[in-house]
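Report on the structure given below.
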Amino acid sequence: MFKLAPSLLAADFWNLGPQVEEVVRAGAEVMHIDVMDGHFVPNLTMGPGTVVKTLKKHCAGLDNPPILDVHLMVTDPDFFVQPFADAGADWISFHIEAAAHAHRVCQKIKAAGCQSGVAINPGTPISSLEAIIEDVDFVLVMSVNPGFGGQKFIDHTYRRLARLSALIDAADNKPFIQVDGGVGPGNIAQLVDAGMSVAVAGSSVFGRPSPGEAAAELISLARKES
Ligand code: DX5
Ligand code: ZN
């Protein structure tokens with residue numbers, strides 16, 4: 001079943017709690033947390049002890065606490081898995097480009113009690129996922145170059161999703177597919193048709209005047225309810 005993962009990167013940090021509550025109440029089941037270390041990408045964002053721990057604590061009081069989805073855009077994912085798991089992450093993804101020991105990172109995520117995901121940049125061949133596909137719970141396909149929100153969706157993502165679906169068809173393991181970057185009302189339904197089951201959406205949710213209404217609209221477009 002499709003899930004929407006609003007990306008906190010685009011949220012109003014002055015107003016973080018109410019914004020999270022608003023999108024969760026509108027039906028968002030996942031909160032996407034972009035972790036950038038200033039090395040793997042040229043930006044710095046959120047850490048375990050601040051944002052993730054706070055979200056875990058306060059979301060516990062909601063009727064439907066969201067899945068906390070940590071996207072590690074860092075050069076040393078091995079180092080960051082445990083602190084984010086301890087802070088309350090439910091899903092953790094790391095970049096295939098950053099992991100010299102992808103299998104070990106993946107096992108570490110699972111041993112910490114989280115679902116493990118592998119993320120892949122637009123310029124990295126889908127074939128580089130062949131060995132790790134049997135071990136991950138999900139694949140995060142970047143549809144922009146990581147580092148910033150609000151970028152334009154890269155169209156060759158559709159071709160990459162077709163390649164990834166073929167790779168998954170041929171594997172014993174069946175990870176779900178998350179797409180991240182430039183996802184909005186104009187492409188969400190087509191992405192679902194191409195195999196996406198979790199959509200990350202930053203500016204198309206928190207960049208809109210009513211994030212709750214924007215989230216509800218995206219969910220209904222993805223589920224083809226209208
Ligand atoms: C980019 C991040 C994305 C970003 C998406 O490096 O991984 O999660 O927040 O933002 P939008 O939806 O605005 O492209
Ligand atoms: Zn992300």
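The values are calculated or read from the model by the stated rules, or taken from the named source; none is laboratory data. The structure displayed is predicted, hence computed values, not measured ones. Cβ atoms come from the backbone with ideal geometry, glycine included; neighbour counts cover every protein chain shown.
For the range 49-62, the criterion of a residue being within 13 Å of ligand 1 (Cβ to nearest atom), part of a loop (DSSP other than H, G, I, E, B), more than 13 Å from the chain's Cα centre (by Cα) and not hydroxyl-bearing (Ser, Thr, Tyr) is satisfied by no position. Cβ separations smaller than 7 Å between residues 6+ apart or across chains give the following pairs from the range 15-44 residues that are closer than 15 Å to residue 90 by Cβ and within 13 Å of ligand 1 (Cβ to nearest atom) to residues that are outside any helix (DSSP H, G or I) and modelled with pLDDT under 95: 33/46; 35/46. For the range 196-209, a tally of residues being in contact with a helix residue (DSSP H, G or I) (Cβ under 8 Å, 6 or more places away or on another chain) and farther than 15 Å from residue 180 by Cβ returns 2.
Residues that are touching a helix residue (DSSP H, G or I) at 6+ places or on another chain (Cβ under 9 Å), within 15 Å of ligand 2 (Cβ to nearest atom) and within 25 Å of residue 209 (Cα to Cα) occur at least once in the range 15-31. Scanning the range 140-171 for residues that are in contact with a strand residue (DSSP E or B) (Cβ under 9 Å, 6 or more places away or on another chain), without any contact (Cβ under 8 Å) to a residue 40 or more places away in the chain and farther than 18 Å from residue 188 by Cβ gives a single hit, 168. Would you check if there is a residue in the range 50-63 being polar (S, T, N, Q) and either over 23 Å from residue 199 (Cα atoms) or in contact with a Gly (Cβ under 6 Å, 6 or more places away or on another chain) (or both)? Yes - at least one qualifying residue is present in the range 50-63. Only one of the numbered conditions (1) within 16 Å of residue 24 (Cβ to Cβ); (2) touching a Lys or Arg at 6+ places or on another chain (Cβ under 7 Å) is violated by residue 182, and that is (1).
Looking across the range 181-209, the residues that are in contact (Cβ under 8 Å) with a residue 60 or more places away in the chain, of a type outside the set (Val, Ile, Thr) and over 17 Å from residue 165 (Cβ atoms) come down to 201, 202, 203, 206, 207.
Considering each residue of the range 34-47 in turn, at least one proves to be modelled with pLDDT under 95 and in contact with a strand residue (DSSP E or B) (Cβ under 9 Å, 6 or more places away or on another chain).
The condition of being buried (at least 17 other Cβ atoms within 10 Å of the Cβ) and more than 16 Å from ligand 2 (Cβ to nearest atom) holds for only one of 119, 102, that being 102. Just one of the listed residues (174, 152) is over 21 Å from residue 73 (Cα atoms) and not in a helix (DSSP H, G or I), and it is 174. Applying a threshold of 7 Å to beta carbon distances and a minimum spacing of six or more residues, or different chains, the list of pairs starting in the range 1-13 at a residue that is over 17 Å from residue 27 (Cα atoms) and within 13 Å of ligand 1 (Cβ to nearest atom) and ending at one that is aromatic (Phe, Trp, Tyr) and outside any strand (DSSP E or B) reads 10/206.
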